[in-house]
Amino acid sequence: MISRNLFFRLVRQDIKKRIWCPILIFIVLFLALEVCLLMETEEYLRYSYVYAKDIVTYVKEYFFGRHSRMVSVVTCFTAFLCGISGYAYLHSKIQVDTYHSLPVSRSQLFWSKYISGVLQFFVPFVIHALSCAGIAAGKGAFTTATIPAVISYIALQLVVFVLAYSVTVLAMELTGNMIVAVLGTGVLFLYSTLLAVLSHVLSDIYFDTYIAYGKRMSYPINENIWRFSPASMLIRLFLSPNNTTMEAAKKLYKYDTSYVWVLMLAAAVYTMAAYIAHQRRASEAAGKSIAFHMAEPVIKTMVVIPAAFFCAVFFRSIASYTKEERWFVFGLIFGFVIACVLMEVIFRLDLRGALMHKKQFLFNAACTALIFAVIRYDMTGYDTYVPSDAQLQSCAISIQQLMPLSQDVRVSSFGNHFLDSEDYRMSNMKLQGNPSAMELARKAAAEQLQFRYFDYYEGIEESSEYMETLSRQEHYQNLVFGYRLQNGRMIYRKYVVDLKDAETLRLLADIFNDYDYKVGSTPVFNDSWQIEFGSLYCISNFREENIVLTHDMQARLLETYHKEYMKLTLETVMHELPLGSIDFRIKLDANQSRYKYFSYSGAMYIYPEFTKTIALLREYGFDMEEKLTAEDVESVRVELNDVVPPTYFSSLSGIERAESVYETDSEESKVQEYTDKEQIQQILDSVVKTDFMWGIKGFTDCFDHQYRLGIILKAEDGLPYYFFIKGEIPDFIRHS
């Protein structure tokens, strides 16, 4: 039994033998920590007015908080370096024989190497972290309240290191060749993340109702896939899904502390797996591709099938719309064959082994074909699935463009946190007791109103069938459902409904008129999202102004608007033009006009029926009904557009409508300028600002896109572009 002194002597000898490793780590950490801190604090002091926090809070919550995600990348790199360099002896028969001839057990040899690698990272990292604390203290940005943040910062990076380090050591134990070991490390580290990405891509291609939600840039981390790879765990750690509440949105610099325990457990599991593999690894495995032959067929299957589908997705992405399916199948077959050949060559280390194991080749081919068939033909019923009433706890619905509120939500932290309106609704709306909601979901899922462009493209571009299809598509609208089940799981689906269908409109109206739907659709009606607003940005047809209101004035306006909005009907929203809009804005800094306000509520439309709100705004100094007279206008420029019809393109998750494009050829376009006061007045009485078009353009035909107008005022610059209201183009323009 080796003594404790001999054990630590082995640790010291290993560190001395690899002294280049801690030196390199020390240099890398210096650049990632001290240099980064100095650059960040200089940037803060130079542009301090941009930040909503003081420098002490900034260092505590950003550098020793959110900045952990960037440092974790460096930590993983050092873990790979330590793991590969520490256990490289396993791939050399001479070194393995030398180590195994020492009077040291395998267990003691493993742990001496393991602890040596941990110390080579941990000691330099602690030195650098304390040095950063000293630099922050020198700039007056460090207090006793920052100490817990520094300790948790160090502890977190130690956990991240051990997790990545153990995965690297496990890869070294499972292989006998350095190149294969590096590839194996990458596979173990990324595998579940790659599966999640592949699942997302294939679902987006073949499931018409598929839609992904969650934090931005985190969509590959599919909730249905177990996160067993470190990359998936780290993304989940730093992209907490709880950012859809006001309190969580203000703390985006925080990582999900509750998930750290999962990383600790995973680190322990991978460490024990590496230890067991080391104990059972045969000495003869050095120099071979794989140390455990029983794992070979499993590894091949796990690598070949995803590789084949990734290859298929690649070929599909570069193919034309009309040939996507054919190239996907070609890429699947091509990728499968190439992956099988490469795996055999890697395991055999000989080109002659490329065609070995034909039975396994056929087995993997059958599995690949089965998976493709299940996904391609939706054998699981993904698109038609709707939870039963017994399974459902509540649901969230986002009617695209039919909710003229909260186009986005932004919350100030160290910048603007953007939360899409649909993300907000999926997380905050809890619609219950409305039978029309599930009736509409079942109707949409059963009808499957999904038309794919390539189905109609070949051979009928000029046919009446093709044009009729495009005409029908203009009546469609996207509808997103979020089903919250009794077990707490959320399921999301995107449907396409026909707005010309009377039954669909009836169901939509019932949902829109539901109090819980309207309250759950916008944060300004949500008590947990209430904040102090800095200003109110008002827009009418001919005027825009930013006005500052007291807290009592804001509360009174919100209460009045809330009452009138609750009486708003879907019929009004779909077929009536708003008088204007109001947008509550958050104040950033009273002394810096450049970054003074940013939007919070988005455009909240004011309709003619909102008489009390209109009167209250007039009392506050903004008249929504104010008209522009010809005496205020110098001229009106009317431009005849060469209108490019709306185009549609293939999106296998559903129909995506491209924006109508209005192109004007300077040589062919017809531009007329009017200065006659009577004509100008007729024009002013018949136009609407383009700002009000975007919210309802998808389901109503209130605008005439044949002309685009620019109004030139006498005392000011010209007003934004306008369109004529449908059917109200003056005769002198139509006949000119």
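Quick note: the coordinates plus some simple rules give every number you see, no bench work behind them. Since this is a predicted model, take the numbers as computed values, not measurements. Reconstructed Cβ throughout: ideal geometry from the backbone, glycine too, with neighbour counts over all protein chains shown.
A few points about this structure:
- Extension gain for the segment Val262 to Lys139, taken as residue separation times 0.36 nm less the Cα-Cα distance, is 40.7 nm to one decimal.
- Of Lys323/Lys443; Lys494/Lys518; Lys323/Lys359; Lys300/Lys494; Lys443/Lys563; Lys93/Lys113, those spanning more than 25 Å from alpha-carbon to alpha-carbon: Lys323/Lys443; Lys323/Lys359; Lys300/Lys494; Lys443/Lys563
- Packing-based order for 566-574, 149-157, using average beta carbon neighbours within 10 Å, highest first: 149-157, 566-574
- Entries of Lys567/Lys627; Lys430/Lys567; Lys288/Lys358 with Cα pairs more than 24 Å apart: Lys567/Lys627
- Sites Cys367 and Lys17, calculated FRET efficiency, Cβ-Cβ separation with R0 51 Å, nearest 0.05: 0.65
- Taking the number of Cβ atoms within 10 Å of each Cβ as an exposure proxy, the fewest-first ranking of Tyr377, Tyr321, Tyr99 is Tyr377, Tyr321, Tyr99.
- Gain on full stretching of the segment that runs from Arg618 to Asn546 - 0.36 nm per residue minus C-alpha separation: 24.6 nm
- Among Asp501, Asp14, sorting on how many other beta-carbon atoms sit within 10 Å of each Cβ, with the fewest leading, yields Asp501, Asp14.
- For the peptides 671-677, 339-345, the ranking by mean Cβ contacts within 10 Å, running from highest to lowest, is 339-345, 671-677.
- Backbone geometry of the range 512-527 corresponds, through the Karplus equation with coefficients 6.51, -1.76 and 1.60 at θ = phi - 60°, to 3J(HN,Hα) couplings of 4, 7, 6, 4, 5, 5, 5, 5, x, 8, 9, x, 5, 9, 9, 4 Hz, x marking Gly and Pro.
- Theoretical gain in end-to-end length, Glu631 to Glu439 [0.36 nm per residue, Cα-Cα removed]: 63.7 nm
- By the beta-carbon count within 10 Å of each Cβ, the least crowded to most crowded order of Glu559, Glu576, fewest first, is Glu559, Glu576.
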